Every structure is written in C-alpha cells, then in structure tokens.
1. Tell me, yes or no, whether region A:29-49 has at least one residue that is over 23 Å from residue B:64 (Cβ atoms), at pLDDT 85 or above and surrounded by 11 or more Cβ atoms within 10 Å (Cβ to Cβ).
2. For the list (1) closer than 19 Å to residue A:82 by Cα; (2) surrounded by fewer than 20 Cβ atoms within 10 Å (Cβ to Cβ); (3) in contact with a Gly (Cβ under 9 Å, 6 or more places away or on another chain); (4) more than 8 Å from chain A (Cβ to nearest Cβ), I need the number of the one condition that residue B:9 fails.
3. Please tell me if residue B:68 is more than 9 Å from chain A (Cβ to nearest Cβ) and under 21 Å from residue A:87 (Cβ atoms).
4. Kindly indicate the residue of region B:117-146 that is of a type in the set (S, T, N, Q) and farther than 22 Å from residue B:95 by Cβ and also nearest to the other protein chains (Cβ to nearest Cβ) among those meeting that condition.
5. Any chance you could count how many residues in region B:52-92 are touching a residue at least 40 places away in the same chain (Cβ under 8 Å) and among the charged types (D, E, K, R)?
6. Being surrounded by fewer than 22 Cβ atoms within 10 Å (Cβ to Cβ) and within 7 Å of another protein chain (Cβ to nearest Cβ) is the filter here; which residues of region B:31-52 pass it?
7. Looking only at residues in region B:157-177 that are polar (S, T, N, Q) and more than 18 Å from the chain's Cα centre (by Cα), which one is nearest to the other protein chains (Cβ to nearest Cβ)?
8. Scan region A:94-134 residue by residue and report those that are among the acidic types (Asp, Glu), surrounded by 18 or more Cβ atoms within 10 Å (Cβ to Cβ) and more than 9 Å from chain B (Cβ to nearest Cβ).
Amino acid sequence: MLDEIALDRLRGALDRLPRFEPSDTLWPRIVAARATPVRRKPVWAIAATLAALALAGSLFVARQQPGPEPRLAAHVAQARSLEAELAAARGVRVANPDVLSLERELAVVDVALQSAYDERATPDELEILWRARTERLAALLVAYRHAATLVRI
Amino acid sequence: MPDANPFYEPLDAMTLGRAQRGEAAAFAEIYRRYRGACFNLALRVLGDVAGAEDVVQEVFVRLFDSIRRFRGDAPFGAWLRRSVANATVDELRRRNWLTSDDGARSEAAPSPGGLAEDQVEAWQMLMRLPARARAVVVLHALEGYTHAELGSMLGQSESYSKSVLARALHRLSLVVAPQTAGEVDAR
C-alpha cells in the first residue's frame, strides 16, 4: 500500500520530465551507418522462400474452419479506427488525471500485447488483450473529448 | 501537464508498407515520428546524450532490416519501444552498470535552457538514481513494463526488479513511514 502511494508520487514527479530532441546530425549518421553493401540472398534461399510461401498458401486455402481469428481481426480493426480518432483528439493539451491514468493503463496493455506476440500466444489470448486495448482506447477518446470540452468552456 | 506517450502515435499502413519495401523516405518519416520517444527513453535511463543517440542509431539501423519481420499486428510503437528498451539495457550491460550502483548523474538536464523549474527538478531527481534503478523506474513507472518483464530483461528475477524499485523509492524519500498512533492523536 505504502509502495503504491510512493509509486504514485514518483509518477507524478516523472510526469514533469522534460522531453529533448536528438541532434540534427543523428539521422545522417544513421543513413551513413546503414549505407553498407547489402548481401544478396543466394538463389537457393529464394527458391526455399518461394516453396515455403507455396506451402503456406495451400495450408491457408485448406483451412476453412471458422475460429477466433475473425473476432481478433474485428478487434484489431476497431482499435486501428479508434487510434486514428485518438491521434486527432490528442492534439489538444488537457489537464485531466483520468486521461493520464488511462494512458498508463493503455501502456500496460500494449506491453502485454507485444509480449503475447513475442511468445506466440493463441488467438484467444490475443483477443482478450485486443479487447482490453479497444476498451482503453474508447475510454481515452471519451476522456480526451470531455476534457477538451471543459477546456473550451 | 505532460503530453501522451509519443510511442502511441499510430503508424499508418501505407508508411509501414513503404518502409517494408525499403523506401528510404518512409524510414525518414518513421524516424521523424518516433525519434523523440526513442531518444527520451534511452536518455532517461542512460543519462547522457551521446549514449542515448548511439542507442537510437543502433535501433534504427537494425530497423531497416527488422521492419520486414513486423507483421503489423501489435501496435508499431510498442514493438519499437521494446527494441529501444532492449538496446538501452544492452548498453547498461556493456557499461557494467547493471550489476552495480554506478551511473548516477548529478549534472542538470542536457539542455537546461528554456526548461521550467519543475522540469529541471524532475530531471535531477531521476539522475540522482543509479543507472539500473533509473532503468526500472522509467520502464516500469513510465513505460508500463511489469516487474516480471523487467526481471527477464535485466537477466534477473521479478523480485529483483521490485527490490530495485523499492530502494529507488526510499532513496528519493518518496516512501513515508506509517504514522504512529501518537502522531495521529496529536492532530
């Protein structure tokens, strides 16, 4: 309990951290570091890739059973749509603790989602996380719009 | 009031697709959008501009190849953030700052000009911590990583991460001792 209070205080302090920009020379450095000769794939590797793609294609066609993937795809599509709306809403600076709290919850869900993909989670497991993400995005959108309305008033 | 975490800025499918086909302009666009998020994450942990820029450079050079493996399912920002966090922790490991209390910084913000007083205070507070404590504080409190994930990232246990955080909170005097009955009564 005490640690949670302390953690909240820490977050409150860290929220005031300044944001800096890297130097203008960084991008040219990155491009220069990248500008090394690219090793071409040997012919056998290209043939193996094509064979693997053909196999994957045939498996995809053979797989006709409905599963959790359509539900997952629906959540992903909904999240994409909400993200676009949220990107516009975030343009307005708001002073609202609900917004910050929801942003943190979204960060936790995002990290969990990335871990789930890294660990090859099942579509059912992914669906739970995408649903959680969609809910946070929707709540954030409402919170931003509400806060923006208050700012205008 | 802080802005939203810039790693959340969505990446549109068209820019992602162009980058995956190797278009340099698309990479430049991705860099423009996320350079601040990447740089600040590394800077807050490492505490020095040169080291943070090296991390960003390493991540983006690798991105030219690794972006082809990004399937576009998880949010791009979360995927990129994972790369930056891992590269930053690798840098701490190279400096031998993960196994000691080294890496505390006492200087002010890299470019103190134009900063508000509370921003300078927040920066100095963070820089009072050893580097490994900064890593746990930044990645847990600001970026949302769990202690289990941090333990794995640091090559340690979940309880190790919790312990580093608890010590950091004490070091920053953010933990308040429980009030005794007498103190409560005296009010």
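The values are calculated or read from the model by the stated rules, or taken from the named source; none is laboratory data. Being a predicted model, the structure only gives us computed values, none of them experimental. Please note: Cβ atoms are built from the backbone with ideal geometry, for glycine as well, and neighbour counts cover all protein chains shown.
1. No - not one qualifying residue is present in region A:29-49.
2. It is condition (4) that residue B:9 fails.
3. Numbers: more than 9 Å from chain A (Cβ to nearest Cβ): yes; under 21 Å from residue A:87 (Cβ atoms): no.
It is false that residue B:68 is more than 9 Å from chain A (Cβ to nearest Cβ) and under 21 Å from residue A:87 (Cβ atoms).
4. Start the filter on region B:117-146 by keeping residues that are of a type in the set (S, T, N, Q), which leaves B:119, B:124, B:146.
Filter once more, so that each one left must be farther than 22 Å from residue B:95 by Cβ: B:119, B:146.
Values: B:119: 4, B:146: 7 Å.
Looking at the filtered set, the residue picked out is B:119.
5. 3
6. First, the residues of region B:31-52 that are surrounded by fewer than 22 Cβ atoms within 10 Å (Cβ to Cβ): B:31-33, B:35-37, B:48-51.
Across region B:31-52, the qualifying residues are B:31, B:35, B:36.
7. Start the filter on region B:157-177 by keeping residues that are polar (S, T, N, Q), which leaves B:157, B:159, B:161, B:163, B:173.
Narrowing further to those that are more than 18 Å from the chain's Cα centre (by Cα): B:157, B:159, B:163, B:173.
Numbers: B:157: 17, B:159: 13, B:163: 11, B:173: 9 Å.
Filtering region B:157-177 for residues that are polar (S, T, N, Q) and more than 18 Å from the chain's Cα centre (by Cα), the one nearest to the other protein chains (Cβ to nearest Cβ) comes out as B:173.
8. Applying the first criterion (among the acidic types (Asp, Glu)) to region A:94-134 yields A:98, A:103, A:105, A:110, A:118-119, A:124-125, A:127.
Going one step further and asking which of them are surrounded by 18 or more Cβ atoms within 10 Å (Cβ to Cβ), we end up with A:103, A:110, A:127.
Across region A:94-134, the qualifying residue is only A:127.
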